[in-house]
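For reference, the structure is listed below as structure tokens.
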Amino acid sequence: MSASTKGCVEATSIPIHGLTAYALLKLAAKPQPHETVLIQAAAGGVGLYLVQLAKIIGVRQVIALASSQRKLELVRGLGADIAINYTEPSWTDQVRAATGGRGADVVLEAASGEVGRESFKLMAPFGRLVFFGARNIHDTLSSGNIEQLIRRNQCLIGFNLPTADSQKIAENVPDLLRLIGQGKLKIFADSAFPLAEVRKAFEALSSRNTIGKVALIP
């Protein structure tokens, strides 16, 4: 991939992944300086932005979940205080240990399934879980989880960029672009495929070996 093509591909991650991450933190999650944020799929398109932006905002502790050593090293380099491989059986214990047994104040939920269900249990008292891009929230929610919300004074928040207030979203664009322009926020799109190889692109996504955005080039 030429330098110019790489730059264009990286730029395509800004309108969706970058803006989703920035608006999600500012408008939905609203993490405070003393809080801990747990980020699923931290080496994905939105996740890489979330890790960096959470630290830029000033969150005390960012715990990033990823599935390989390469990805763990990347998110650590981007500012994650704790990086945990969620494919390891002990990953939930590692999160609890990192938070002194209290759990995360904010859980950013995009994975659903088993990771989603376990992440739900890792919320701290008065914590909040933000759903964004979840494939099936019913994999995460259950009657037992609803009881947990009441017992531990927790709440659920949904976020969806396409249906959010366009004016509020637009207000976040200048700050996001400023951070990128100043080099404080790195953008990643290491996997690009010709449009004719769309099948390979989906296979790459399914393998979970990609980092950041996967792009198709017409």
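Readers should treat all values here as calculations from the given coordinates under stated rules, not as data from a laboratory. Remember, it's a predicted structure, so these values are computed and weren't measured experimentally. Glycine gets a Cβ as well: all are built from the backbone with ideal geometry, and neighbour counts include every protein chain shown.
Okay, here's what the table says:
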| quantity | calculated |
| --- | --- |
| Compactness index (Cα Rg / 2.2 N^0.38 Å), region 1-95 | 1.13 |
| Qualifying trypsin sites (Lys or Arg not before Pro) for region 1-91 [loop in DSSP, other Cβ within 10 Å: at most 12] | none |
| Sequence-separation-based contact order of the chain, relative, with Cα cut under 8 Å and 6+ spacing, percent | 21 |
| Cα-derived Rg over Rh, computed across region 75-138 with Rh taken as Kirkwood radius | 0.95 |
| Spread of Cα-to-Cα distances over 10 Å intervals beginning at zero, given as percent, for region 143-194 | 17, 23, 28, 24, 8, 0 |
| Difference of contour (0.36 nm per residue) and Cα-Cα distance, ILE146 to ARG60 | 28.2 nm |
| Dipole-positive endmost among GLY181, LEU53, PHE193 within the chain (Cβ charges, Cα centre) | GLY181 |
| Sequence-distant aspartates and glutamates (8 or more away, or on other chains) whose Cα lies within less than 14 Å of LYS184 | ASP175 |
| Region 97-110 - phi-based ³J(HN,Hα) in whole Hz, Karplus 6.51/-1.76/1.60, Gly and Pro as x | 5, 5, 9, x, x, 7, x, 8, 6, 10, 10, 9, 9, 9 |
| Within a Gaussian network of the chain (alpha carbon springs, distance under 10 Å), most fluctuating of THR163, THR99, THR36 | THR163 |
| MRE, 222 nm, helices only [DSSP H, n ≥ 4, -39500 (n - 2.57), over the chain, to nearest 500] | -11000 deg cm²/dmol |
| Local electrostatic count at ILE57 - Lys and Arg +1, Asp and Glu -1, tallied over other residues with Cβ under 15 Å | +2 |
| Nearest-ten-degree value, helix 45-57 long axis tilted from longest Cα axis of the chain | 70 |
| Rounded tilt (10° steps) of 198-207 against the dominant C-alpha axis of the chain | 30 |
| Cα-based Rg and Dmax for the chain, where Dmax is the largest Cα-Cα distance (Å) | 17.0, 55 |
| DSSP-defined beta bridges in the chain - what % are antiparallel, rounded to 5 | 5 |
| Most mobile listed residue (PHE120, PHE131, PHE202) in the chain, GNM with C-alpha springs under 10 Å | PHE202 |
